[in-house]
1. Largest first, how would PHE196, PHE267 line up by accessible area (1.4 Å probe)?
2. Name the most mobile residue of VAL167, VAL117, VAL26, meaning the one with the largest mean-square fluctuation, in a Gaussian network model of the chain with Cα contacts below 10 Å.
3. Mind pulling the angle between the C-alpha long axis of helix 173-185 and the longest principal axis of the chain? Nearest 10 degrees, somewhere in 0 to 90.
4. As an exercise, use a Förster radius of 45 Å and the Cβ-Cβ distance of ARG230 and ASP86 to find the FRET efficiency, rounded to the nearest 0.05.
5. When you count, for each residue, the other Cβ atoms within 10 Å and take the mean per peptide, how do 153-160, 175-182 rank with the highest first?
6. Run the accessible area of the chain with a 1.4 Å probe and give the carbon-and-sulfur part as a rounded percent.
7. Leaving out ligands and nucleic acids, and using a 1.4 Å probe, what accessible area per residue does the chain come to in Å²?
8. Which of the aspartates and glutamates could be linked to LYS226 by a straight reach, that is with a Cα gap under 20 Å, when you skip same-chain ones fewer than 8 residues away?
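The values are calculated or read from the model by the stated rules, or taken from the named source; none is laboratory data. The structure displayed is predicted, hence computed values, not measured ones. Don't worry about glycine lacking a Cβ; one is built from the backbone with ideal geometry, like all the others, and counts go over all protein chains shown. Side chains are part of the model used for accessible areas, which takes the heavy atoms of the whole protein and leaves out ligands, DNA and RNA. Shrake-Rupley method; radii C 1.70, N 1.55, O 1.52, S 1.80 Å.
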Amino acid sequence: MIDQGAHSVLGVNIHAVDYDRVLQVVLAAAAQRRPFALSALAVHGVMTGATDAEHARRLNGLDMVVPDGQPVRWALALLHGQRLPDRVYGPELTLRVLRGLAAEGLSVYLYGSTPEVLGRFIARIRHDLPGLKIAGSEASKFRRTSPEEQLEIAERIRDSGAHLVLVGLGCPRQEVWAFEYRDLIGVPLLAVGAAFDFHAGTLAQAPKRMQASGLEWLFRLTQEPKRLWRRYVLLNPLFLGWLTLQKTGLRPFPARAPNGSETPQRFG
């Protein structure tokens, strides 16, 4: 079990942990019904914070941010000497958490994506984990909500009795959601990106070799070029350039905590 603490990667605190440690912390928080917010970030997720100081503070307000992408894992080694044996991949973490919940008799609530994807995802996990308790599910509204709606969403989830919430709204909306709902709901919130789509079978995962070599982004780009080309063509080189600046000390990237001035977004 590995837990070497949090380290700044371009101003975003990334936790040098492994799957076993994450599962231990998350399942304990679920069993105790206490607030805990987690996100698994690849390069794009880190860059949403590196290019937006306010959002970086939100990310650093989460309880744990794990290295979803291989380049983020490598950045921990390059900058801080933290050589993890593996990344903590959001879709794989999702399955491990669901297995852990099922084994301990705890329930999950699913928030985000579309009704179709949610339906297929639920069918998949009910087939694979028949003992898992699904307390409820709710598709994304794909818009911002009013303060009243936000409180109603939080109340519905609390009233469901769920021990944990999986959030699939896409980056960076899901991280903002976890930051804003953490204390409103009071149980662990895990922002898991495209895990809903991957496990529902509506989006293909990269081959294992491409994942291991850090080329998952290239596979995703070939799948959705119109939507993703800006993300990868512009942000990937910037990520490498800024890593160089942080490594050489030419530009500091301090990880700043929330200060209470973060503008409410209320993504639904």
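1. Per-residue accessible area, sorted high to low, gives PHE267, PHE196.
2. VAL117
3. Roughly 50 degrees, rounded to the nearest 10.
4. Working: r = 29 Å, r/R0 = 0.65.
With a Förster radius of 45 Å, E is 0.95.
5. 175-182, 153-160
6. On the way: 6250 of 11750 Å².
Exposed carbon and sulfur together represent 53 percent of the surface.
7. Computed with neighbouring chains in place, this is 44 Å² per residue.
8. Within the straight-line limit of under 20 Å, LYS226 reaches these aspartates and glutamates: ASP197, GLU216.
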